[in-house]
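Only the coordinates and a few stated rules stand behind these numbers; no lab work does. It should be emphasised that the depicted structure is a prediction, and the values quoted were computed from it without experimental measurement. Glycine also receives a Cβ, built like all others from the backbone with ideal geometry; neighbour counts cover every protein chain displayed.
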Amino acid sequence: MSRSALVGNVTAMLEDAGFMVSDRCAIRPKSFDIAARRGEDLILLKILANIDAFNEATGHEMRRLGTYLNATPLVIGLRSRDEDLKPDVVYFRHGVPVFSPDTAYNLFIEEVPPLIYAAPGGLYVNIDGDLLADEREDRDWSLGQLASELGVSRRTVSKYEDGMNASVEIAMALEEMFDAPLTSPVDVLEGADDVHESEATPADPEADPDDEQVVAVLTRAGYSVHPTARSPFTAVSEDEDDSEIVLTGHSKFTKAAEKRARIMSSIGQVMRTRSVYVVDRAKQESVDGTALVERDELETFRNADDLRDVIRERSEHEEAA
């Protein structure tokens, strides 16, 4: 299956599952392909045939965007090297959860989350430690007795009851032994923090020298500006007073810039953010809801309210037109 067909299939599946899906980010370089929202669940999705193409720089960008946009970064792929991704297993690449289209279907359509995740050494599941301890005590078994049945140490059983995760083989043995469900699913939409050691958000890249003036003006106006390196927008800017997010672009107003502005608008509709594109000269006020602001005009803004008013006025004017 071609990557384009795979993106189309995943997009259709998400729409069937009730997600609002953005236009595809048909630009390069790009850290994610589509953004999607269902209720309060927001995801940024990279779709690949071979997940080995997902590199560290892209993973870091997606994790930063996930933090700033309050979204979960995810990768859906078919295989790694010569091996197909196993169904109902969550993998990790550079801190981002990865799974197959079948797993995505079960999660989003059937609402059956995966139970298994891959980590160095094999496949693992979450064990409900409190429930395990209750089942053991109901049988009047000591830690040593259960350890002997499982063929592990007493200390290992104690760790299971304290919340340490177990191999698939151990989990199956426990559930068969006690005839009770002792596992809990991987909470993918929460970033799978319960099974993957949480790492600090990677540091922002340096702003492009051409963008430094725009960053300086926005910072002076009261925004926290987070430059990007592989996105349709050049920065994610947050109003420090009311936490409103603005996707920010900057370049000469070319056909490519107009395309980026349209993608920014589509992503903004999904993510419930506003968007603004700073250009040297503009012949129109907005592009599909992304406000256009000339660089000289931007210099006149003294606070976030000035920019917010311009964005709202120009996007609402376009809607009215």
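Among P185, P209, P227, the residue with the largest mean-square fluctuation in a Gaussian network model of the chain, with springs joining Cα atoms closer than 10 Å, is P209.
Taking a ≥ b ≥ c as the square roots of the eigenvalues of the alpha-carbon gyration tensor, region 45-191 is classed prolate because a/c is 1.5 or more and a/b outweighs b/c.
Note on K252 and D138: with the Förster distance fixed at 51 Å, the Cβ-Cβ geometry gives a FRET efficiency of about 0.10. Put simply, the amide H of N126, placed in the peptide plane, has neighbours under 5 Å in S184, leaving out anything fewer than 5 places away on its chain. In a reduced charge model with +1 at each Lys and Arg Cβ and -1 at each Asp and Glu Cβ, the chain shows a dipole moment near 1520 debye about its Cα centre. Put the Cα centre of region 60-129 next to the Cα centre of region 264-310 and the gap is 35 Å.
Of the trypsin sites (Lys or Arg not before Pro) in region 1-81, the ones in a loop by DSSP (not H, G, I, E or B) with at most 11 other beta carbons within 10 Å are R81. A crude spin-label estimate for the pair E83 and A5, with each label 7 Å from Cα along the Cβ direction, gives 2.6 nm. Relative to the longest principal axis of the Cα atoms of the chain, the long axis of helix 56-69 makes an angle of roughly 80 degrees. Under a 10 Å cutoff between Cα atoms, tell me which one of S265, S153, S31 has the largest fluctuation in the Gaussian network model of the chain. Comparing S265, S153, S31 in a Gaussian network model of the chain, the most mobile one is S153. Please say if region 8-74 is rounded, prolate or oblate, where rounded means a/c under 1.5 for a ≥ b ≥ c the square roots of the C-alpha gyration tensor eigenvalues, and otherwise the choice is prolate for a/b larger than b/c and oblate otherwise? Taking the square roots of the gyration eigenvalues as a ≥ b ≥ c, region 8-74 is oblate. What is the chain by shape, rounded, prolate or oblate, if you read a ≥ b ≥ c off the alpha carbon gyration tensor as root eigenvalues and call it rounded for a/c under 1.5, prolate for a/b larger than b/c, and oblate otherwise? Cα axes put the chain in the prolate bin. Pick from A104, A118, A36: which residue has the top mean-square fluctuation in a GNM of the chain where Cα pairs under 10 Å get a spring? Of A104, A118, A36, the most mobile in the Gaussian network model is A118.
A simple spin-label model places pseudo-atoms 7 Å from Cα toward Cβ; at E40 and S148 they are separated by 4.9 nm. Legend: calculated FRET efficiency, R28 to T201, from the Cβ-Cβ distance at R0 = 22 Å, rounded to 0.05, equals 0.35. Helix 168-178 axis versus longest C-alpha principal axis of the chain: approximately 50°, rounded to the nearest ten. Between G249 and T234, V276, Y277, V278, the built amide H atoms are under 5 Å apart, and every one of these is 5 or more places off in sequence or on another chain.
Simple spin-label estimate for D208 and K259 gives 1.4 nm between the two label positions (7 Å along the Cα-to-Cβ direction from each Cα). What chymotrypsin sites (Phe, Trp or Tyr not before Pro) in region 1-67 are in a loop by DSSP, with at most 13 other Cβ atoms within 10 Å of the Cβ? Within region 1-67, no chymotrypsin sites (Phe, Trp or Tyr not before Pro) qualify (loop, at most 13 other Cβ atoms within 10 Å). Annotation for region 158-188 versus region 211-228: alpha-carbon center distance of 48 Å. Loop-located GluC sites (Glu not before Pro) across region 1-77 with a Cβ neighbour count of 11 or fewer within 10 Å are E40, with loop assigned by DSSP. Helix 304-320 and the longest principal axis of the C-alpha atoms of the chain enclose an angle of approximately 80°.
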